[in-house]
Amino acid sequence: MEVRKAVFPVAGWGTRFLPATKAMPKEMFPIIDKPVIQFIVEECLDAGIENMVFVTGRHKRPIEHHFDINTDLEKHLENCGKTELLKNIMEISRLVNPIYIRQKEQLGLGHAVLVAEPVVGYEPFVVCLGDVIIRNEQNVISRMIEVYQRFGKSVIAVFEVEQKEVSKYGVIDGRHIEKDIYIIDDLIEKPKPEEAPSRLAIVGRYLFTPRIFDKLKVTPPGKGGEVQLTDAIKLLLEDEAVYAIKIDARVYDTGTPIGYLQTLIEFALQREDTRDGMMRFLRGLKIELSEV
Ligand code: G1P
């Protein structure tokens, strides 16, 4: 069955970024001039998925405006002759088919995914966390779709983290089958480093068979009193196999202040129009830092 829809659970409060996130979704924070969420939406578009289901909350309206057509702005840019900018803002709103659904109560990531069930229906779908940008040679979602097409089962992207970092992630216990593919035996959400079954951490890209919805309905609250997606995947293992692909990618976690800052600096160093200015600034800073 074709994978046609991606779910973005974006209803969270963004408490790590308060007060900035009181009125502005963290998914709309700019990486120079493009909001974080647009990078992830573009990753889905590149993988051939156009239907994006945003599970939102009451302070997430800017996401809706961003993917909408803004005819006034388009006219203005056209009148000023700013054709490059015009092309840029026209493209994204025309390529994406956004669907918005409210998560009325924030009961956890697993609950947010379950809220999308009436829109997704009984078909395989992708889940993308709205604050993780991934730079990989091959598009990670495309690779997950390939593996899904081969086995017909759910696929989760994982990456290797340091032992002391495992408690920030869902961690898998898996057996290597071939190349980048693992079959999952068990999962644990945010384990203590000494309890982690591996260093393979869930990165924030999932491809699920619709059976996950049945499991989410019976998943009790877990870590932090929230319905955890990782716990639902563990229940899914009782009925069907779940695969993992290990990616060797650059992962940008923009969901924490330090991760966001690192992302900004790295992207600025990679972009032609900002590289020199940022280099000059960092070189100057080095002198000051060595004096601290
Ligand atoms: C969530 C998931 C976790 C996953 C992580 C990836 O945690 O619960 O399993 O490893 O995203 O970023 P969060 O970062 O929302 O606490």
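The values are calculated or read from the model by the stated rules, or taken from the named source; none is laboratory data. Being a predicted model, the structure only gives us computed values, none of them experimental. FYI the Cβ positions are ideal-geometry reconstructions off the backbone, even for glycines, and counts take in every protein chain you see. SASA here: full protein model, heavy atoms, side chains in, ligands and nucleic acids out. Shrake-Rupley method; radii C 1.70, N 1.55, O 1.52, S 1.80 Å.
Table for the structure above
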quantity: Residues (away from the ligand (no atom under 13 Å from the Cβ), in contact with a Gly (Cβ under 9 Å, 6 or more places away or on another chain) and over 25 Å from Ser142 (Cα atoms)) located in region 226-247; calculated: none
quantity: Qualifying residue in region 82-90 (condition: out of contact with any helix residue (DSSP H, G or I) (no Cβ under 7 Å at 6 or more places or on another chain) and either among the small types (Gly, Ala, Ser) or at pLDDT 95 or above (or both)); calculated: no
quantity: Selection count, region 179-199, where residues are in a strand (DSSP E or B) and open to solvent by 60 Å² or more (accessible area, probe 1.4 Å); calculated: 1
quantity: Which numbered condition Val158 fails, given (1) among the β-branched types (Val, Ile, Thr); (2) within 23 Å of Glu2 (Cβ to Cβ); (3) crowded, with 23+ Cβ neighbours inside 10 Å; calculated: (2)
quantity: Selection from region 184-225 of residues that are free of Cβ contacts under 8 Å to residues at least 40 places away in the same chain, within 9 Å of the ligand (Cβ to nearest atom) and out of contact with any Asp or Glu (no Cβ under 7 Å at 6 or more places or on another chain); calculated: Lys190
quantity: Boolean, Val147 is among the aliphatic types (A, V, I, L, M), out of contact with any Cys (no Cβ under 8 Å at 6 or more places or on another chain), assigned to a helix (DSSP H, G or I) and open to solvent by 30 Å² or more (accessible area, probe 1.4 Å); calculated: no
quantity: Matching entry among Ile233, Ile202 (being assigned to a helix (DSSP H, G or I) and either of a type in the set (A, V, I, L, M, F, W, C) or surrounded by 13 or more Cβ atoms within 10 Å (Cβ to Cβ) (or both)); calculated: Ile233
quantity: Helices (runs of 4 or more DSSP H) enclosed by region 31-135 - at least 2 residues per element that are loosely packed, with under 14 Cβ neighbours inside 10 Å; calculated: 61-66, 71-80, 83-95
quantity: Matching residues, region 228-275, being in contact with a helix residue (DSSP H, G or I) (Cβ under 8 Å, 6 or more places away or on another chain), of a type outside the set (A, V, I, L, M, F, W, C) and without any contact (Cβ under 8 Å) to a residue 24 or more places away in the chain; calculated: Arg275
